[in-house]
Amino acid sequence: MTDSTEARTRPIRLRPDELQFLNRQLASMARLNMPIAKGLRILARDVQSEDFKALVQSVQQDLDEGLSLPDALAKYPETFSSLQLEVIKAGESTGNLSVILDELNAHSAAMRKIKSRVLEAVTYPIVLLAVLFVFVIFFLKAVAPQFRTMLGVSGHKIELPAISKALFAMSALVENPIVLGLLISGFLGLLFLIGKKLSVMGEEYDDFLFRIWLFGPLFERAALMKVTRTMRDLLNNGVSMVETLRLTANTVGKNRIQEKLNQLRSAVEEGGSFSKNLAGGEVFPDTMVWKLQMAEEKGIIEQALDELATEFEVKVDEQTTIITKILAPAMLIGMAFVVLLMFIACFVPLTQVQKATFAPPPAAQPKASSTPKSSSTPKKTSRESAGKEQKQAQDPEAVEPQDGGF
């Protein structure tokens, strides 16, 4: 089985740079009036990638068998989107294939630039959060137990601060293998979901991304830039408004923008105006609505779409710059604050133990005597008192002589 035959039986996805290179070569062949099949046969000799070579040879054989270029490329939907195929079909029908392929390259380059800017703004905070998570788990698992052990062997009973109690409680929780496994699995699962979103970011957006704090406006403007640029390229190449709206709706993902574009397509199919149905639903900015309404009245809607695409691209650049300059330092400060709190929670009890260890012992208090002090004049016993009272009762006139008497 040859490479070209095998290519027809398996999916092939070219890298963005390979696709851009192929479009440039096809545009050059069209400008030189070279038969596309002949040009692809020559191109296949210089291609190093096996997948790339197999795809080129397969398309060349399909062209030799009488298929059109869009039909031959349509066998590889992993590489060529319906938008690209529709634009190439329009270029073949109008004889402007080279111009359209150049515009496709410019469109792809602009989309990659926006995707790169968006990823730049999103990736850095995610990396910082991942580093913080690893540090916290390591601290709770390896460092905090050492401090807890030192406090236990010190022999001093001290009242731990609330922050220390919380830290040591979390440390004891993380020492449980099941809890630790759940935490790590949950975090890795979250990273997987974020990575999955990032892999299609710049190509597809959903309403969840539009609602994310600080990043939502960035994603929405990037999606609107893609919509306006795609519509401009399609309309410039003779694609009808209905087909333009259908193809554009398929490029932005499942979100409220796609729903609005489908509603616009239905309205245009029924004979309604494109621009007059833009308002409503709070999907498109007011500036975009009135510009397109004025442009449609004057018949320059492609020019208005080009201006809007440029404006949205500038706003995306500004937004990513703001996020990079503000969010990154703020997150670094937040990470430093978390680390500081963890060390304070560990070292404050140690200072309390140190104070208790080196504090001077309390002064000894003198013991009170158990023997009562003797009086200078001894008290008479109860027997002597009783005898005296009996004697006075028998002889009332007998008086006990006083000191100093005769």
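The values are calculated or read from the model by the stated rules, or taken from the named source; none is laboratory data. Values in this document were obtained by computation on a predicted structure and should not be read as measured data. Please note: Cβ atoms are built from the backbone with ideal geometry, for glycine as well, and neighbour counts cover all protein chains shown.
Identification of helices (runs of 4 or more DSSP H) wholly contained in the stretch 158-236 with 3 or more residues that are in contact with an Asp or Glu (Cβ under 9 Å, 6 or more places away or on another chain) yields 216-236. From Ile163, Ile137, Ile158, Ile100, which residue is at pLDDT 90 or above and out of contact with any Pro (no Cβ under 6 Å at 6 or more places or on another chain)? Just a single option satisfies the conditions, and that option is Ile137. Checked against (1) outside any helix (DSSP H, G or I); (2) in the same structural domain as Ser199 (by TED's automatic domain parsing), Val118 meets all criteria but (1). Every test in (1) charged (D, E, K, R); (2) closer than 14 Å to Leu19 by Cβ; (3) in contact with a Ser or Thr (Cβ under 7 Å, 6 or more places away or on another chain) is passed by Asp51 save one, and that test is (3).
For Phe21, the criteria (1) modelled with pLDDT of 85 or more; (2) within 36 Å of the chain's Cα centre (by Cα); (3) surrounded by fewer than 19 Cβ atoms within 10 Å (Cβ to Cβ); (4) more than 27 Å from Gly238 (Cβ to Cβ) hold in every case but one, which is (4).
If you check Glu282, Glu313, Glu297, which single one turns out to be under 20 Å from Arg229 (Cβ atoms) and among the acidic types (Asp, Glu)? Steps first, please.
Values: Glu282 fails: under 20 Å from Arg229 (Cβ atoms); Glu297 fails: under 20 Å from Arg229 (Cβ atoms).
Within the list Glu282, Glu313, Glu297, the selection yields Glu313.
Filtered by the rule that a residue be surrounded by 15 or more Cβ atoms within 10 Å (Cβ to Cβ) and among the basic types (Lys, Arg), the stretch 262-301 gives Arg265, Lys291. Please determine whether any residue of the stretch 81-90 is over 16 Å from Ile12 (Cα atoms), out of contact with any helix residue (DSSP H, G or I) (no Cβ under 7 Å at 6 or more places or on another chain), modelled with pLDDT under 85 and not assigned by TED's automatic domain parsing to the domain that holds Thr230. No, because not a single residue in the stretch 81-90 is over 16 Å from Ile12 (Cα atoms), out of contact with any helix residue (DSSP H, G or I) (no Cβ under 7 Å at 6 or more places or on another chain), modelled with pLDDT under 85 and not assigned by TED's automatic domain parsing to the domain that holds Thr230.
On the given criteria, is Glu318 farther than 16 Å from Lys226 by Cα, in the same structural domain as Ala223 (by TED's automatic domain parsing), acidic (Asp, Glu) and not in a helix (DSSP H, G or I)? No: the conditions fail for Glu318. Considering the stretch 63-97 alone, what residues qualify as being in contact with a Pro (Cβ under 6 Å, 6 or more places away or on another chain) and closer than 19 Å to Pro16 by Cα? Result: Glu78, Leu85, Ile88. The residue list Val59, Val127, Val122 contains one member that is in contact (Cβ under 8 Å) with a residue 24 or more places away in the chain and β-branched (Val, Ile, Thr), which is Val122.
Going by the conditions given, is Ala336 among the hydrophobic types (A, V, I, L, M, F, W, C), surrounded by fewer than 13 Cβ atoms within 10 Å (Cβ to Cβ) and assigned by TED's automatic domain parsing to the domain that holds Met225? Considered against the rule, which asks whether it is among the hydrophobic types (A, V, I, L, M, F, W, C), surrounded by fewer than 13 Cβ atoms within 10 Å (Cβ to Cβ) and assigned by TED's automatic domain parsing to the domain that holds Met225, Ala336 comes out as yes. Among the candidates Ala74, Ala106, Ala130, Ala144, the residue that is under 37 Å from the mean Cα position of the chain (by Cα) and in the same structural domain as Asn237 (by TED's automatic domain parsing) is uniquely Ala130.
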